[in-house]
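What follows is a short report on a single structure.
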Amino acid sequence: MSNWRVSLSDLDYGPEEEAAVLAVLRSKWLTMGDETAGFEREFAALVGCKHAISVSNGTVALQLAYLALGLGPGDEIIQPSVNFIAAANMTRAIGATPVFAEIISLDCPILDPADVERRITPRTKAVVVMHYGGYLAGNQQLKELCDRRDIALIEDACHAPGGSELIHGKQVQAGNIGQLGCFSFFSNKNLATGEGGMITTDSDQLAAAVRSLRSHGMTTVTLDRHRGHAFGYDVPRVGFNCRPTEITAALGRVQLAKLAAGNQRRRELTALYHRLLAQRVPQVLLPFAGQAQHAACHLMPVVLPEGITRENVMLSMREAGVQSSIHYRAAHTMTAYEGMLDSAGQSVRLPLSEAYSSRVLTLPLHPRLSEEQVGIVVEALAAAVSGASGQ
Ligand SMILES: *Cc1c(COP(=O)(O)O)cnc(C)c1O
């Protein structure tokens, strides 16, 4: 699909995925059915929570999580600005207000619990934490803070299926920390089905709300009527169509079985990157150094030295056939979010998030990457950084 010598990510697909899709096609049942139910069961077991509800993508997972909690106009949702735009967009989409908070540090670009606490107002109804790059940090403090202040904690766990963090002496899986966990199975994620998403929760009530919102607010689903279990339905609340297909569920089950091995390979490659980068490009900062053991290692970010033009580094790496990317431009600097004021009426300033966003560079990382390719990337970065410094 690409001419890169080393591409940023790659699907880990084989004959198992092909067979799973073919079986669905031959079954002639294409929307939410047994494959979806099986995928939900298996995903709930991975996360260690009671409910997993499959939806059509990660963005609607966030939207339904907000709506299931009853969030809407007038409510504030504290969240990181260093995130993919979906969490902020869905906040706006439901009429609520995103309040951007600072990251812990340049080498731990995850929501800072102390800064979250400073930004709480009487309108704060939820906090969204994003497990950046598949790493988890600060969740014990966030959980205690949210519990104490009666605020919901939502995980944007799109980077982190299979990642976990030690909380009160227990290793807790991503998606089982807050009231609701949201996952994406977009093509470049650790578990990829093209499009797809999942919402996890231990709450029966939130699970019922999500299930209802997923399918028009209807009281029965097509499969029940097909099987003769139900003939009519009511619509007690307004909902959407965020239903997944059986094809994505079948792909998801095969991918789920590969997740642990894929994440382990990502950890090994991350360790190799860190070793080589420390030798060859000591000027770059390595976020999460030494923290891969329980991480999902979705991304391989480096922070470039100050004063280096990132675009030149990326161009130079492209010449060497190496794809790189930026995760992420800070949300509060996007045109649609420009000019936002904080609760004190000041324009939003997040110096650490802004510095991180302007200096971060994401290197290729996926389970099919070879050690030789890691070497190629490191050499390309070394040459690019020394070239850019000399200009
Ligand atoms: C991918 C992603 C999303 C959105 O998921 P989609 O399935 O693409 O809608 C949201 N948040 C984060 C952190 C992501 O990486």
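The values are calculated or read from the model by the stated rules, or taken from the named source; none is laboratory data. Predicted model only: the values in this text are computed from it and were never measured. Cβ: placed from backbone, ideal geometry, glycine included. Neighbour counts: every protein chain shown.
Before moving on, here are some points about what is shown:
- Strands (runs of 3 or more DSSP E) within segment 164-215 that include 1 or more residues more than 13 Å from the ligand (Cβ to nearest atom) and surrounded by fewer than 22 Cβ atoms within 10 Å (Cβ to Cβ): 164-167, 170-173
- Residue, farthest from SER56 (Cα to Cα), within segment 208-249, restricted to residues that are in contact with a Leu (Cβ under 9 Å, 6 or more places away or on another chain) and of a type in the set (A, V, I, L, M, F, W, C): VAL238
- Flag if SER54 is buried (at least 18 other Cβ atoms within 10 Å of the Cβ), at pLDDT 95 or above, closer than 30 Å to GLY321 by Cα and not aliphatic (A, V, I, L, M): no
- Verdict on ALA126 being within 15 Å of the chain's Cα centre (by Cα), at negative phi and either in a strand (DSSP E or B) or buried (at least 22 other Cβ atoms within 10 Å of the Cβ) (or both): no
Yes/no matrix, rows are residues, columns are (1) closer than 24 Å to ASP342 by Cβ; (2) free of Cβ contacts under 8 Å to residues at least 40 places away in the same chain:
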{"position": "ILE110", "(1), (2)": "yes, yes"}
{"position": "LYS125", "(1), (2)": "yes, no"}
{"position": "GLN141", "(1), (2)": "yes, yes"}
{"position": "LEU153", "(1), (2)": "yes, yes"}
{"position": "ALA160", "(1), (2)": "no, no"}
{"position": "LEU166", "(1), (2)": "no, no"}
{"position": "GLY169", "(1), (2)": "no, yes"}
{"position": "GLY178", "(1), (2)": "yes, no"}
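- Residue that is farthest from PHE43 (Cα to Cα) [pool: residues in segment 144-163 that are touching a helix residue (DSSP H, G or I) at 6+ places or on another chain (Cβ under 9 Å) and part of a helix (DSSP H, G or I)]: ARG149
- Sole exception among (1) of a type outside the set (Gly, Ala, Ser); (2) at negative phi; (3) surrounded by fewer than 24 Cβ atoms within 10 Å (Cβ to Cβ) for ASP150, by number: (2)
- Entry remark, segment 357-373: residues being more than 14 Å from GLY321 (Cβ to Cβ), of a type outside the set (Gly, Ala, Ser), under 24 Å from the mean Cα position of the chain (by Cα) and not in a loop (DSSP other than H, G, I, E, B) number 4 in total.
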